[in-house]
Amino acid sequence: MTSKRLMFAIVGVLAVVAVIVFAVVWQPELAEIAERDAEAADQSQISRGYDLAQLGNCQSCHTAENGEAYAGGRALATPFGTIYTVNITPDRETGIGTWSQEAFSRAMRKGVDREGAHLYPAFPYTHFTKMNDTDIAAVYAYLRSVPAVPNEARDNNLPFPFNIRALMAGWNLLFLNDGALEPIDGQSEEWNQGRYLVDGVTHCGACHTPRNLVGAEKSSAALAGAEINGWYAPPLGGEGARGWTKPQLETYLSTGFSRAHGAAAGPMGETVANLAKVAPADISAIATYVSSLTDDDAPAISVVDNDVPDDLAAAHDLWIGACASCHEPSMATELGGTNPSYGVALSTGYAAHSRKPLNVVRTIVDGIDNYRDMGGPYMPGFEDSLTTDQIADLTRYVRARFSDGAAWEDVGDTVQDALGEQSEGDGQ
């Protein structure tokens, strides 16, 4: 082949590649709708959309601290940088007021906004794509019913090359399985509804499934447990998952607390605060499905209390001063009638038994207050009243006294990380 023919061949190949890339990446801008063109919705559709929005944690993610509901601005820390959630109120300038239902459905199913820009999977469209058309339309109707709030989203803080949205087109080719979830024959209607909610609307896998190096959930390890924003979301099924009965899950998901499993904290506490607002039938369906992932005949979790560790006498003084008035087992009989969480052995929760000290540290640092106003358990955060060393000592104390596991390593570093994230959060 002559050099001229070789050059033409290379140019031809590059042109074909360019056409393929363009075809994969390019998404058309969908037309704006006029305010009067918004499709009419009845109250029942809006009401169902409200429930679905709670199930999907829409308000939690799309509301900044002390901000207006759904107006965006919340910072989502990812391994690739910080993403700021957008305004999903019907404001026409800064929200989704010009979006048709078609545009909204495309964002939910394919991760592409009205203008044709690719979204990042911090917005869990990889799960929302499994929702049916009726439910997506209900969420759209509900969001169009909330007050319009002008609030321009902040620019994401993502380094090169992650700031190139077009790359998400290739990511979607590899990891997005779009389309509604089909029911499984032989399972009950409630079980299938629970699977639909867990895999789609509530996107449980976004926290409970480990991710690969490019941020996609590992399909081979669905709901097998994962670290998320300094917490550990325990496995819901498979190896290491703890058995839940359906009644235990129903109580936990609607109140944030189970005497057999402890209290929901961190991101799960926020999720429970939303789940508590939805119809009992949805909670029942989720509980039916999730409880089927484990052996509900598993024996009750044994209470472990190894008494005061010999080498942590100083930490015991901290325990008496900061923790014992609620967590000492004797409180179960003294105050259990006032608040059912009093005196619950810390060994019943997953945190003390985990391979890492993440959840114990974060609970001591952050506390639990997501559902305090709902009558649920409450625990103050100790980030301002205990030193780094004291938090680390209390963490080691909890592990040694309330589990039979080996002593945790890297407790001090974990505490430093948790306190660092607290400081960053205070500054936002």
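The values are calculated or read from the model by the stated rules, or taken from the named source; none is laboratory data. The model shown is predicted, which means the values in this text are computed figures rather than measured ones. Here the Cβ is made from the backbone with ideal geometry for all residues, glycine too, and neighbour counts use every protein chain on show. The protein model used for the area step is the full one, side chains on, heavy atoms only, and it has no ligands, DNA or RNA in it. Shrake-Rupley method; radii C 1.70, N 1.55, O 1.52, S 1.80 Å.
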| note | Within the stretch 302-318, residues open to solvent by 80 Å² or more (accessible area, probe 1.4 Å) and part of a helix (DSSP H, G or I) come out as Asp310, Asp311, Asp317
| request: Test Thr129 against the stated conditions and say whether it is in contact with an Asp or Glu (Cβ under 6 Å, 6 or more places away or on another chain), within 23 Å of Asn212 (Cβ to Cβ) and hydroxyl-bearing (Ser, Thr, Tyr). | output: yes
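Among the residues of the stretch 319-343, write down those that are part of a loop (DSSP other than H, G, I, E, B) and modelled with pLDDT under 65. Please lay out each step first, then the result.
At the first step, the residues of the stretch 319-343 found to be part of a loop (DSSP other than H, G, I, E, B) are 323, 328-330, 336-343.
Those that are part of a loop (DSSP other than H, G, I, E, B) and modelled with pLDDT under 65: Gly336, Gly337, Thr338, Asn339, Pro340.
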| Count of residues meeting criterion [under 20 Å from Ala279 (Cα atoms) and over 19 Å from the mean Cα position of the chain (by Cα)] in the stretch 253-266 | 1
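Per-residue answers, yes or no, for (1) of a type outside the set (D, E, K, R); (2) outside any loop (DSSP other than H, G, I, E, B); (3) under 12 Å from the mean Cα position of the chain (by Cα); (4) over 23 Å from Lys356 (Cβ atoms):
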position	(1), (2), (3), (4)
Tyr232	yes, yes, yes, no
Leu236	yes, no, no, no
Gly240	yes, no, no, no
Gly243	yes, no, no, no
Thr251	yes, yes, no, yes
Gly269	yes, yes, yes, no
Val272	yes, yes, yes, no
| said: Looking only at residues that are open to solvent by 40 Å² or more (accessible area, probe 1.4 Å) and not in a strand (DSSP E or B) in the stretch 210-223, which one is farthest from Thr348 (Cα to Cα)? | reply: Val214
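Return the residue satisfying two criteria in turn: it lies in the stretch 74-88 and is among the β-branched types (Val, Ile, Thr) and open to solvent by less than 30 Å² (accessible area, probe 1.4 Å), and of such residues it is farthest from Glu115 (Cα to Cα).
Step one: list which residues in the stretch 74-88 are among the β-branched types (Val, Ile, Thr), which gives 78, 82-83, 85-86, 88.
When the remaining residues are screened for being open to solvent by less than 30 Å² (accessible area, probe 1.4 Å), the result is 83, 85, 88.
Values: Ile83: 19, Thr85: 17, Ile88: 15 Å.
It comes out as Ile83.
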| Close pairs from the stretch 398-423: first farther than 18 Å from Trp231 by Cβ and free of Cβ contacts under 8 Å to residues at least 60 places away in the same chain, partner aliphatic (A, V, I, L, M) and open to solvent by 30 Å² or more (accessible area, probe 1.4 Å), Cβ under 7 Å, at least 6 apart | Ala407/Ala400
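Search the stretch 414-428 for residues being modelled with pLDDT of 70 or more and open to solvent by less than 40 Å² (accessible area, probe 1.4 Å), and hand back the single one that is nearest to Asp393 (Cα to Cα).
To start, the set of residues in the stretch 414-428 that are modelled with pLDDT of 70 or more comprises 414-421.
Filter once more, keeping what is open to solvent by less than 40 Å² (accessible area, probe 1.4 Å): 414-415, 418-420.
Working: Thr414: 12, Val415: 10, Ala418: 15, Leu419: 15, Gly420: 18 Å.
In this case the residue turns out to be Val415.
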| Got a sec? Which of Ala53, Ala71 is within 29 Å of Gly215 (Cα to Cα), buried (at least 19 other Cβ atoms within 10 Å of the Cβ) and more than 17 Å from the chain's Cα centre (by Cα)? | Ala71
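Pick out the one residue from Gln43, Gln59 that is open to solvent by 80 Å² or more (accessible area, probe 1.4 Å) and not small (Gly, Ala, Ser).
Working: Gln59 fails: open to solvent by 80 Å² or more (accessible area, probe 1.4 Å).
Every option except Gln43 fails the conditions.
Check whether at least one residue in the stretch 69-85 is of a type in the set (D, E, K, R), out of contact with any Asp or Glu (no Cβ under 6 Å at 6 or more places or on another chain) and in contact (Cβ under 8 Å) with a residue 40 or more places away in the chain, and report yes or no. Walk me through it before giving the result.
Start the filter on the stretch 69-85 by keeping residues that are of a type in the set (D, E, K, R), which leaves 74.
Still in the running and out of contact with any Asp or Glu (no Cβ under 6 Å at 6 or more places or on another chain): 74.
Filter again for in contact (Cβ under 8 Å) with a residue 40 or more places away in the chain, leaving none.
Within the stretch 69-85, none of the residues are of a type in the set (D, E, K, R), out of contact with any Asp or Glu (no Cβ under 6 Å at 6 or more places or on another chain) and in contact (Cβ under 8 Å) with a residue 40 or more places away in the chain.
Could you check the stretch 2-27 and list, in sequence order, the residues that are outside any helix (DSSP H, G or I) and either surrounded by 10 or more Cβ atoms within 10 Å (Cβ to Cβ) or modelled with pLDDT under 70 (or both)? Please lay out each step first, then the result.
Restricting attention to the stretch 2-27, the residues satisfying the condition of being outside any helix (DSSP H, G or I) are 2, 26-27.
Passing the criteria: Trp26, Gln27.
For the stretch 360-371, which positions are within 12 Å of Gly230 (Cα to Cα) and either open to solvent by 20 Å² or more (accessible area, probe 1.4 Å) or of a type in the set (D, E, K, R) (or both)?
Taking the stretch 360-371 first, the residues within 12 Å of Gly230 (Cα to Cα) are 360-363, 365-366.
Residues satisfying the conditions are Arg362, Thr363, Asp366.
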| query | So which residues in the stretch 87-121 are among the aliphatic types (A, V, I, L, M), under 17 Å from Ala153 (Cα atoms) and in contact with a Ser or Thr (Cβ under 9 Å, 6 or more places away or on another chain)? | reply | Ile96
| Subset of the stretch 386-402 [farther than 11 Å from Val365 by Cα, of a type outside the set (D, E, K, R) and in contact with a Ser or Thr (Cβ under 9 Å, 6 or more places away or on another chain)] | Phe402
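Let me confirm something: among Gly230, Gly243, Gly256, Gly262, which residue is over 25 Å from Tyr120 (Cα atoms), open to solvent by 20 Å² or more (accessible area, probe 1.4 Å) and not hydroxyl-bearing (Ser, Thr, Tyr)? First the steps, then the outcome.
Values: Gly230 fails: over 25 Å from Tyr120 (Cα atoms); Gly256 fails: open to solvent by 20 Å² or more (accessible area, probe 1.4 Å); Gly262 fails: open to solvent by 20 Å² or more (accessible area, probe 1.4 Å).
Matching residue, one of Gly230, Gly243, Gly256, Gly262: Gly243.
Looking only at the stretch 170-209, how many residues end up being under 22 Å from Met108 (Cα atoms), part of a loop (DSSP other than H, G, I, E, B), open to solvent by 20 Å² or more (accessible area, probe 1.4 Å) and in contact (Cβ under 8 Å) with a residue 12 or more places away in the chain? Before you say what the answer is, go through the steps one by one.
Step one: of the stretch 170-209, the residues under 22 Å from Met108 (Cα atoms) are 170-183, 192-209.
In the following step, the residues that additionally are part of a loop (DSSP other than H, G, I, E, B) were identified as 176-183, 202-204, 209.
Cutting the leftovers down to open to solvent by 20 Å² or more (accessible area, probe 1.4 Å) gives us 176-183, 203-204.
Now drop any that are not in contact (Cβ under 8 Å) with a residue 12 or more places away in the chain, which leaves 176-181, 183, 203-204.
The qualifying residues number 9.
Restricting to the stretch 89-108, name every residue that is touching a residue at least 40 places away in the same chain (Cβ under 8 Å) and open to solvent by less than 40 Å² (accessible area, probe 1.4 Å).
Just the residues of the stretch 89-108 that are touching a residue at least 40 places away in the same chain (Cβ under 8 Å), to begin with: 89-103, 106.
Within the stretch 89-108, Thr89, Pro90, Asp91, Thr94, Gly95, Ile96, Gly97, Thr98, Trp99, Ser100, Ala103, Arg106 meet the criteria.
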